[in-house]
Structure formats: structure tokens, C-alpha cells
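Working notes for the structure below.
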Amino acid sequence: MTEQPIYILAIESSCDDTAAAVLQNGKVLSNVVARQSVHEEYGGVVPELASRAHQQNIVPVVDVALNKANISRNQLNAIAFTQGPGLMGSLLVGSSFAKSMAQALNIPLIAVNHMQAHILAHFIDEEGYDKPEFPFLALTISGGHTQIVKVNSYFDMEVIGETTDDAVGEAFDKSAKILGLPYPGGPLVDKYAQEGNPKAFPFTKPNVPGLNFSFSGLKTQILYFVQKRTAEDTTFIENNMKDICASIQYTIIKILMDKIKQAVKDTGIKQVAIGGGVSANSGIRNAMKEAEKKYGWKTFIPKFEYTTDNAAMIGIVGYHKYLEQMFNDFSVVSKARIAL
Ligand code: KG4
Ligand code: ZN
């Protein structure tokens, strides 16, 4: 029997990227992201500017997603959107749009948790990518979150470790800012790190009990270190950029890997998936591949375009919710904070 095609339009607008995707069952037909460069000069996302840019981008981004997928509005079976967590003004643009469109087309509306979506992105049908089996561990690492999650089924997830202060993406971005790099600095730290010596400048790892993380101490340590060395030599940063970045990245990856190793030990689960913007990082990708060989884990690293914020991941959750008839009525509200 052939599978009946289910077409989902997904919308993601939780932070500074306006994104839309169309999925046919588990397969992505289109995945469009409009990035907002307006925040670069401010060194971080400005919420007011983000919501205004979403307003401008959302209609064209959805149109492009439908056109690329070669799907007309009338073929859609449901509309999925990001309910939270995220910036309220940004979330409201996506949810209002999704509600209006679902109402106009008289099709179901599906609210999606952004963090669940980063994890379930691994269930997108993609050639050459295996899907994890339940239960598995997920390390979600982004600009807003750092969590270790025990994933028991599509909608049964347990947070077993998380950051007590900054998210790992913030650790990358704030370190980059200290070095005078533009926002978001994570990818730039990664780029320089690949040509530097990770042992050049030793930074100490924080001592946090259990499976929790802390990154604010590391940021302060880097700040004092850079201030001290720059006071001695004003060209310190420019002459050592690659080594500084490599040393920062090495420390951050060591913090993440030590905790995930502990989580594997504690739970006996050897399937480990990473998700969220920071899983684009070359250091964490290499460390996961090494751990696969060294400890016999099975690791899952998403395709690059499904790591940073995107709507395809919202669509795959939408599809699985559609199969379970997990629909929302139009009174559903956006939430800046929302549990898994
Ligand atoms: O998931 P995401 O796109 O948005 C949030 O939900 O936060 O994650 C964005 C974060 C930013 O902090 C960015 O600097 C970081 O992911 N990031 C990276 C890399 N690519 C993106 N951090 C380190 N290395 C990268 N290659
Ligand atoms: Zn995200």
C-alpha cells in the first residue's frame, strides 16, 4: 500500500530567522530561511528589530517555500508553527500568520516546541542519514539552550541535565565578542579554531555537579585573560586569534563531552544525537565521531541545514503530531518559556 501524502507547511520565527518549509510526510520538499543581518552591528539580537523583520519576511518566505515545493495552498493538510521558547514578539508573528492561514484554508493548526524540534530533526527522511531508535540521548546545544535529554518516544522527553547559567552558544558568542568578532561569533570562533593550537592557552573547566553545565565562569575567565594579555601587548588578539579560538573551543567541547559521557554511563544508553545551532561546530562533530569509534556509541549528527534554526524541523514534529491528531485550537498562545 502506498503511503498517503500528507503536506505540512511549517513556520519558525522564534528568534532572528524567518523560516518556512513544506514537508511531504517525513520528506522535506523545501526549506527556506531568511536571515536577519540587522542585528550584526548591535552585537546581539535586538527583539524589537527581529519582530519587525519577521513581519516583512514572513509572506515572501512562505511563498518561496510553497513555490519551491511546487505545492499549492489548497493541497496543504496542516500548518505547524513554533509556539516557543523564544522571543515573544518574534513568536507572535509566526503564530498569528499560521493561525490566519490555517483558518482561511480550514485545516488543522499544530503548535510545536522549538527544542523538541531540534531533537526530532533527526527523524527527517534524508538519504545517508540513519534515524535514532528510542530511547536515545540528545544533546541540544544552541544560543538559548544547553540540555541533555533522554528521549523515550516522539513526545516523551526528560531533561536530565542543563545549564545553570549561559547557554553554550552564548559562551561561543560572548567569547567572540571579547575578541572583537561580529555577532553571531560562534561560526567564526569555529573557523579560526580549525587552524589554531587547542592547547596554546589552557582554560579551566568549571566544577558542576551531576549532568548540569555552567558557562558563565569560563566567559569571565576568558575576559580577564584577554584583558591581561592585551594590557601587556596590544596586538595580542590579532597575533593569536587562531590559538585563542582553538583553546576556547577545545575547553567548551571538553565540557560538553565530559557530561555526555557521564550521561551515557548513568543511563546505559549509547545512542547519542546532537541538535541545535552549536551542533554545526566542527569540534563537537569531530568529538562525536571519535566517541563513536572509541566507546562504541552510535552518534547522530544532523545535516548542516537542520542544525541552526529552520522550519523543516518544525515540519517533522508537525507531521508526527498530525499522525497522532495532536491539533491545537486557535486559542493556543505563544510562550517565551516552555518545558520540553
Ligand atoms: O539553534 P540556533 O540557530 O538558535 C537558537 O535557538 O539559539 O543556535 C544559534 C547559536 C548561536 O549562538 C551561534 O553562534 C551558534 O549557534 N553556532 C555555532 C556554530 N554555528 C552556529 N557555534 C559554534 N560553532 C559553530 N560552527
Ligand atoms: Zn534553535
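The values are calculated or read from the model by the stated rules, or taken from the named source; none is laboratory data. Please read all numbers here as calculations on a predicted model, not as lab measurements. All Cβ positions, even for glycine, are placed from backbone atoms using ideal geometry, and neighbour counts span all protein chains on display. Only protein heavy atoms, including side chains, enter the accessible area calculation; ligands, DNA and RNA are left aside. Shrake-Rupley method; radii C 1.70, N 1.55, O 1.52, S 1.80 Å.
A few points about this structure:
- Prolate/oblate/rounded label for segment 65-208 (Cα gyration tensor, a/c 1.5): prolate
- Pairs of Cα atoms nearer than 8 Å and 6+ residues apart set the relative contact order; for segment 31-96 it is 38 percent.
- The chain, relative contact order in percent, only Cα pairs under 8 angstrom and at least six apart counted: 25 percent
- The orientation-averaged projection of the convex hull spanning the C-alpha atoms of segment 210-254 amounts to 3.4 square nanometres.
- Computed Rg/Rh of segment 259-340, alpha carbon atoms with Kirkwood Rh: 1.07
- Sorted largest first, extent of segment 140-211 alpha carbons per principal axis (Å): 41, 26, 22
- Relative contact order of segment 108-182, pairs being alpha-carbon contacts under 8 Å that are 6 or more residues apart, as %: 21 percent
- Across all directions, the shadow cast by the convex hull of segment 9-62 built on its C-alpha atoms averages 3.8 square nanometres.
- Inter-part distance, segment 42-85 to segment 107-163, computed on C-alpha centroids, equals 21 Å.
- Simple label model, 7 Å out from Cα along Cβ direction - V159 to F304, nm: 3.1 nm
- Hz values of 3J(HN,Hα) by residue in segment 82-87 - Karplus curve (6.51, -1.76, 1.60), Gly and Pro given as x: 7, 7, x, x, x, 7
- Among 48-56, 195-203, the peptide with the highest mean count of other Cβ atoms within 10 Å heads the list, and the full ranking is 48-56, 195-203.
- Cα gyration tensor shape of segment 132-301, rounded if a/c is under 1.5, else prolate or oblate by comparing a/b with b/c: prolate
- What the chain shows is 45 Å² of accessible area per residue, with the surface traced by a 1.4 Å probe over protein heavy atoms.
- Kirkwood Rh and Cα Rg combined as Rg over Rh, evaluated for segment 48-112: 0.97
- Cβ-Cβ FRET estimate between L223 and K131, R0 fixed at 41 Å, reported to 0.05: 0.50
- Y322 - accessible surface, heavy atoms, 1.4 Å probe, Å² rounded to 10: 40 Å²
- The chain - mean residue ellipticity at 222 nm from DSSP helices (-39,500 (n - 2.57) per run, n ≥ 4, rounded to 500): -14000 deg cm²/dmol
- Per principal axis, descending, Cα span of the chain in whole Å: 66, 45, 32
- Heavy-atom accessible surface of T220, to the nearest 10 Å², is about 50 Å², with a 1.4 Å probe and all protein chains retained.
- Extension gain (nm, one decimal) between V38 and T267, 0.36 nm per residue minus Cα-Cα: 78.1 nm
- By average C-beta atoms within 10 angstrom, highest first, the peptides 266-276, 116-126: 116-126, 266-276
- Calculated P(r) tail over 15 Å for segment 1-96, as whole % of Cα pairs: 59 percent
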